[in-house]
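These notes concern the structure reproduced below.
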Amino acid sequence: MHTKYKSKNLLFFMKKFILDLIVTDNTFLQENFVLLKLTSELPLPEMKPGQFAELRIDGSPTTFLRRPISINFVDRQRNEIWFSIHIIGEGTKWLSLLPIGSKLNVLLPLGNGFSLPETPSDKPLLIGGGIGIAPLLFLGEQLSKQGNKPTFILGARGSNDLLQLEDFSRYGDVYVTTEDASYGEKGFVTQHSILNKVNFDRIYSCGPKPMMIAVAKYAKSKSIFCEVSLDNMMACGVGACLCCVENTKDGHLCVCKEGPVFNINQLLWQI
Amino acid sequence: MADLNVNIGELKFKNPVMTASGTFGYGEEFSDFVDLERIGGIIVKGTTIHKREGNPYPRMAETPSGMLNAVGLQNKGVDYFVKEIYPRIKNINTNIIVNVSGSSIEDYVQTAEIINELVNIPAIELNISCPNVKQGGMTFGVSPVASAKVVKAVRSVYKKTLIVKLTPNVTDVAEIARAVEANGADSVSLINTLLGMAIDVEKQCPVLSTITGGLSGPAVKPIALRMVWQVANAVKIPVIGLGGIMNWKDAVEFLLAGATAIQIGTANFIDPSVTTKVIDGINDYLDRRNYKSVKDIIGALSV
């Protein structure tokens, strides 16, 4: 519509939409996690794994800003977008209580997304921890669709924090670590024995920062291509307010616009 | 359809709704959501003579009905603006206004001189009110003498419409407004953010890397409205009102209080298409009440 003043730079970004989506399902996956599914009367826009949406929270002064949530999955047959949400405060609590049929105002798709391999690979490794596993389902599906064979290592505190294992297993081998040994191997994702058996050629990671730093260290020590998805606190979601910056080799970059996915070589982490 | 035109100095605006600096990027960030050419004016991100990295993360905290920010004027400097950004935005058919900030009077003057040469930038907003920088910014805006000095110096080199953005972090904002008016400002805009703070009780640390930051959003609206009313009664130059405007009703309150135009800031983060909704809402209000022009309600508050 306003293409006449679209900048050259903006052409690298996909068109963003502001949509009133309709809740088709909102189910607890675990005690503090819900899977929110939304649909639209029109076909949902093009979206890439690793991108996110800003969900509008109505009804409370303490939940003033939108909540940035990564895209968990896009079901094109049902025209549904999924958000896997960890209930950690009033905003996410409000989202978990949205009834089926209600409307939710959403900005999407935001951010850059993961870079998929140009030629199919047997050995992409997707490492997630906690709610950080959410975007890896969409990534795994897209990788698999393009002829890759993804492997997942999913980490959680305990079995009560593990989500969507059956969905993940549809797209690749799934390995699990838990800190309390209630499921899979005991320990952290970077301690899983599969890492000693297979030589992976690219790593994608999302989860708590200490976990991603450990993953980045592993990838760097083996000289493996590695991208991580950050979740810095943000407001606008479109690169205007400059609140969510990460310090990088190119200075302060917006996680919402230049990220959330960064190559580890771009970051200033001590790895 | 009422006449929504307003004038700030000699500059004509197609309607009284602008976007506040630092909340709308360079406009481009919002072009997927809103027809930029419907907006009365776009005030782009604070620009300084040299590149600034801004403050360390974290720079933002959500607060009741608002947010704190401590961005610290991150921008790539005026030369980058002129070379890279201006060519991309100069043909957007609205008033593109550059918010100019600095650490010293010389910084403000040099930046204003450079912007003065840009044909399609009809005005600057002089930011003497940023609370998030150690030098300059608000340190000018809290003193009538320092405000007067910087405005006088910029006025001597800047030939187009000069708007000066005021801070609410003062005892008597009208005194500052009068000092700015006396030294050649064509308009004042207010309020910039209120100095505030948030604490993480579990970590027992400030949420912001800079400890304090600027509060914006509906939480500040009553204070902003009061200050706009005070300043509109104290100066003859047009006042641009901002602070917590979320919808057309908020905007009309500012117009009634004496603002000739308004700016929308933090609301852009909640609804990126809010600007055009506010324009439509003001128009509907005027039509419903049989006003021919938005000018008829400016300062129309009966007390």
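All conditions in (1) at the interface with another protein chain (Cβ under 9 Å from one of its Cβ atoms); (2) under 18 Å from residue B:118 (Cβ atoms); (3) in a strand (DSSP E or B) hold for residue B:91, with the sole exception of (3). Of all residues being of a type in the set (S, T, N, Q) and without any contact (Cβ under 8 Å) to a residue 24 or more places away in the chain in segment A:207-231, which is farthest from the other protein chains (Cβ to nearest Cβ)? Just the residue, please. This residue is A:223.
With respect to being in a loop (DSSP other than H, G, I, E, B), within 14 Å of another protein chain (Cβ to nearest Cβ), modelled with pLDDT under 95 and crowded, with 20+ Cβ neighbours inside 10 Å, residue B:132 fits the description. Is at least one residue of segment A:115-130 of a type in the set (Gly, Ala, Ser), within 21 Å of residue A:17 (Cβ to Cβ) and away from chain B (no Cβ under 14 Å)? Within segment A:115-130, not a single residue is of a type in the set (Gly, Ala, Ser), within 21 Å of residue A:17 (Cβ to Cβ) and away from chain B (no Cβ under 14 Å). Can you name the residue in segment B:2-35 that is more than 13 Å from chain A (Cβ to nearest Cβ), at negative phi and part of a loop (DSSP other than H, G, I, E, B) and, of all such residues, is surrounded by the fewest Cβ atoms within 10 Å (Cβ to Cβ)? Taking the candidates together, the pick is B:10. Of the residues making up segment A:193-214, just one is touching a Ser or Thr at 6+ places or on another chain (Cβ under 6 Å) and under 16 Å from residue A:123 (Cα atoms), namely A:201.
Restricting attention to segment A:60-91, the residues that are polar (S, T, N, Q) and either surrounded by fewer than 22 Cβ atoms within 10 Å (Cβ to Cβ) or not assigned by TED's automatic domain parsing to the domain that holds residue A:42 (or both) add up to 5. Of all residues in segment B:41-83, those that are closer than 21 Å to residue A:248 by Cα and of a type in the set (Asp, Glu) total 1.
Taking the criterion of being of a type outside the set (A, V, I, L, M, F, W, C), surrounded by 17 or more Cβ atoms within 10 Å (Cβ to Cβ) and part of a loop (DSSP other than H, G, I, E, B), the residues of segment A:180-221 that qualify are A:183, A:184, A:192, A:207. With respect to residue A:99, is the statement that it is out of contact with any strand residue (DSSP E or B) (no Cβ under 7 Å at 6 or more places or on another chain) and of a type outside the set (D, E, K, R) true? Taking the combined requirement at face value, the residue does not satisfy it. Filtering segment B:107-116 to residues that are among the acidic types (Asp, Glu) and either without any contact (Cβ under 8 Å) to a residue 24 or more places away in the chain or in contact with a Phe, Trp or Tyr (Cβ under 9 Å, 6 or more places away or on another chain) (or both) leaves only B:113. Taken over segment B:253-270, the criterion of being surrounded by 21 or more Cβ atoms within 10 Å (Cβ to Cβ), away from chain A (no Cβ under 14 Å) and assigned to a helix (DSSP H, G or I) is satisfied by B:254, B:255.
Can residue B:199 be described as surrounded by fewer than 24 Cβ atoms within 10 Å (Cβ to Cβ), at positive phi and among the hydrophobic types (A, V, I, L, M, F, W, C)? Judged against the criteria, residue B:199 is not a match.
Within segment B:271-298, the residues that satisfy the criterion of being within 12 Å of residue B:252 (Cβ to Cβ) and part of a loop (DSSP other than H, G, I, E, B) are B:289, B:291, B:298.
Residues checked against (1) touching a helix residue (DSSP H, G or I) at 6+ places or on another chain (Cβ under 7 Å); (2) within 7 Å of chain A (Cβ to nearest Cβ):
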| site | (1), (2) |
| --- | --- |
| B:37 | no, no |
| B:40 | no, no |
| B:44 | no, no |
| B:55 | no, no |
| B:62 | no, yes |
| B:66 | yes, yes |
| B:73 | no, no |
| B:76 | no, no |
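Within segment B:240-258, the set of residues being more than 16 Å from residue B:167 (Cα to Cα) and of a type outside the set (Phe, Trp, Tyr) comprises B:245, B:246, B:247, B:249, B:250, B:251, B:252, B:253, B:255, B:256, B:257, B:258. Looking at segment B:154-166, is at least one residue in contact with a Pro (Cβ under 8 Å, 6 or more places away or on another chain) and surrounded by fewer than 22 Cβ atoms within 10 Å (Cβ to Cβ)? So far as segment B:154-166 goes, yes, one or more of its residues are in contact with a Pro (Cβ under 8 Å, 6 or more places away or on another chain) and surrounded by fewer than 22 Cβ atoms within 10 Å (Cβ to Cβ).
The values are calculated or read from the model by the stated rules, or taken from the named source; none is laboratory data. Predicted, not measured: the structure shown is a model, and the values here were computed from it. Quick reminder, even Gly has a Cβ in these numbers, built from the backbone with ideal geometry, and neighbours come from all protein chains shown.
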